[in-house]
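One structure is given below, encoded as structure tokens.
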Amino acid sequence: MYKLFFRLVFQRMDPEKAHYLAFRWIRLAVRIPALRTFVAAALAPRHEELRTQAFGLRMHGPFGLAAGFDKNAVAIDGMTMLGFDHVEIGTVTGEPQPGNPKKRLFRLVQDRALINRMGFNNEGSLAVAARLASRTPVFRTVVGVNIGKTKVVPEEEAVLDYVKSTERLASYADYLVVNVSSPNTPGLRSLQAVDQLRPLLSAVREAADRTVTTRRVPLLVKIAPDLADEDVDAVADLAVELGLDGIIATNTTIARDGLGLTSEAGLVKETGGLSGAPLKARSLEVLRRLYARVGDRITLVGVGGVENAEDAWQRILAGATLVQGYSAFVYEGPFWARAIHKGLAARLRTSPYATLADAVGADVRKTA
Ligand SMILES: Cc1cc2nc3c(=O)[nH]c(=O)nc-3n(C[C@H](O)[C@H](O)[C@H](O)COP(=O)(O)O)c2cc1C
């Protein structure tokens with residue numbers, strides 16, 4: 001049904017316009033009590049056996065919405081209604097910014113992929129904090145807040161910009177993510193180098209602790225799939241050293257070669273981060289590497305090219321406690337999270353593992 005609708009309607013529209021149209025429908029549906037109850041019952045049925053705990057937070061399941069879909073925290077209830085177990089909002093920057101000129105989002109339908117160079121278009125930390133402060137949740141969920149650097153802020157002042165966002169947003173964050181891996185803000189990814197990352201993460205940790213004194217806000221870092229293996233190891237070691245709560249692997253890739261892309265060359269050549277199916281192998285590889293390095297000391301979140309329940313299950317076996325997705329939602333539609341939950345529950349039932357937590361990293365432990 002959705003696939004036909006996608007071909008007939010969304011595929012003929014500009015991808016960014018289609019995104020906002022879908023967004024409007026989701027936000028509208030959630031405002032109508034009878035409709036949202038009906039949709040949630042249909043799309044977000046709960047599977048007891050998938051209940052998940054990550055960095056001290058209890059969730060209905062392991063599968064969440066990756067950052068970038070709800071940049072301004074306007075659809076948390078809507079996405080929960082569609083079955084996501086957590087919603088990561090953002091990336092939010094210290095100051096509001098329009099992002100890159102349009103056109104900046106491209107569909108590579110044949111490759112089940114997207115390329116985006118949105119450039120952190122968002123309303124900024126003040127406006128998003130105000131929205132979160134005034135929010136009356138309809139559904140219980142876990143809200144992650146993903147922060148990044150304002151484009152006009154010079155690299156030497158990056159830490160201050162992240163600290164500003166932290167001070168404004170930490171109170172509303174069930175967990176906080178330092179995004180240093182988007183390819184569309186010049187210089188951002190160089191913050192992944194350990195000598196830059198250490199002071200950044202320490203400053204954000206301190207700011208979060210100063211701002212929120214009643215609990216410890218879990219702090220995660222999100223990394224790029226384009227890091228060399230030694231750099232992945234270095235980030236893993238730093239995360240352990242700093243007592244970080246989690247690592248999200250991975251963001252989009254700037255790579256194009258060797259990914260078997262079959263879409264039209266002009267599209268493939270668009271500047272930006274590639275996400276979806278072609279990212280699957282590298283994201284999984286980075287996750288596996290991280291788990292081999294940090295084991296259960298740090299919670300890992302697997303994202304990048306997750307399309308179905310089998311992909312989500314493979315991430316869990318490779319070490320992910322939580323799994324996220326974005327691009328496949330565009331292609332699979334509103335029944336996506338439901339299908340993933342159903343498939344995960346079935347896999348767990350026929351697996352040798354008593355709980356989902358037992359399955360986390362099982363494949364890597366086997367080969368260790
Ligand atoms: C249009 C678009 C915008 C994105 N914006 C962000 C963002 O603002 N912050 C971020 O951390 N990741 C962002 N991402 C990356 C996703 O969160 C995710 O890491 C990546 O797309 C890989 O997952 P996927 O293959 O399931 O899409 C964005 C992805 C897309 C497709």
Can you spot a residue in region 271-284 that is away from the ligand (no atom under 14 Å from the Cβ), in contact (Cβ under 8 Å) with a residue 40 or more places away in the chain and out of contact with any Phe, Trp or Tyr (no Cβ under 7 Å at 6 or more places or on another chain)?
no
Those residues of region 233-252 which are of a type in the set (Val, Ile, Thr) and in contact (Cβ under 8 Å) with a residue 60 or more places away in the chain, in sequence order:
248, 250, 252
What about residue 327, is it modelled with pLDDT of 95 or more, over 18 Å from residue 235 (Cα atoms) and within 15 Å of the ligand (Cβ to nearest atom)?
yes
Considering (1) in contact (Cβ under 8 Å) with a residue 40 or more places away in the chain; (2) surrounded by fewer than 24 Cβ atoms within 10 Å (Cβ to Cβ); (3) away from the ligand (no atom under 14 Å from the Cβ), say which one residue 318 fails and leave the rest.
(2)
Check off (1) over 20 Å from residue 280 (Cα atoms); (2) among the β-branched types (Val, Ile, Thr); (3) buried (at least 16 other Cβ atoms within 10 Å of the Cβ) for residue 252 and give me the number that stays unchecked.
(1)
Can you name every residue in region 76-105 that is surrounded by fewer than 22 Cβ atoms within 10 Å (Cβ to Cβ), assigned to a loop (DSSP other than H, G, I, E, B) and either within 12 Å of the ligand (Cβ to nearest atom) or in contact (Cβ under 8 Å) with a residue 40 or more places away in the chain (or both)?
95, 99, 100, 102, 103, 104
Condition check: within 15 Å of the ligand (Cβ to nearest atom), more than 21 Å from residue 180 (Cβ to Cβ) and touching a residue at least 40 places away in the same chain (Cβ under 8 Å). Does residue 62 satisfy that?
yes
Please verify whether residue 289 is among the basic types (Lys, Arg), more than 25 Å from residue 89 (Cα to Cα) and in a helix (DSSP H, G or I), treating the condition exactly as stated.
yes
Neighbours by Cβ (under 7 Å, 6+ apart or cross-chain): first from region 161-182, in contact (Cβ under 8 Å) with a residue 12 or more places away in the chain; second of a type in the set (Ser, Thr, Tyr) and away from the ligand (no atom under 14 Å from the Cβ):
166/211; 167/211; 170/211; 171/211; 176/166
From the set of residues in region 154-186 that are within 16 Å of the ligand (Cβ to nearest atom) and hydrophobic (A, V, I, L, M, F, W, C), which is surrounded by the fewest Cβ atoms within 10 Å (Cβ to Cβ)?
158
Out of 200, 227, I need the residue that is among the hydrophobic types (A, V, I, L, M, F, W, C), part of a loop (DSSP other than H, G, I, E, B) and under 25 Å from residue 100 (Cβ atoms). Which one?
227
Using the structure shown, decide if residue 254 is under 15 Å from the mean Cα position of the chain (by Cα) and not basic (Lys, Arg).
no
In region 51-89, residue nearest to the chain's Cα centre (by Cα) [restricted to those that are among the aliphatic types (A, V, I, L, M) and farther than 22 Å from residue 126 by Cβ]
66
Suppose we keep only residues that are of a type in the set (A, V, I, L, M, F, W, C) and more than 9 Å from the ligand (Cβ to nearest atom) within region 115-129. Which one would you say is nearest to residue 278 (Cα to Cα)?
128
Scanning region 325-368 for residues that are surrounded by 15 or more Cβ atoms within 10 Å (Cβ to Cβ) and part of a loop (DSSP other than H, G, I, E, B) gives 326, 333, 334, 335, 351, 353, 360, 361
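The values are calculated or read from the model by the stated rules, or taken from the named source; none is laboratory data. If you're wondering where the values come from, they're calculated on a predicted model, not measured in any experiment. Neighbour counts run over all protein chains shown; Cβ positions are idealised from the backbone, glycine included.
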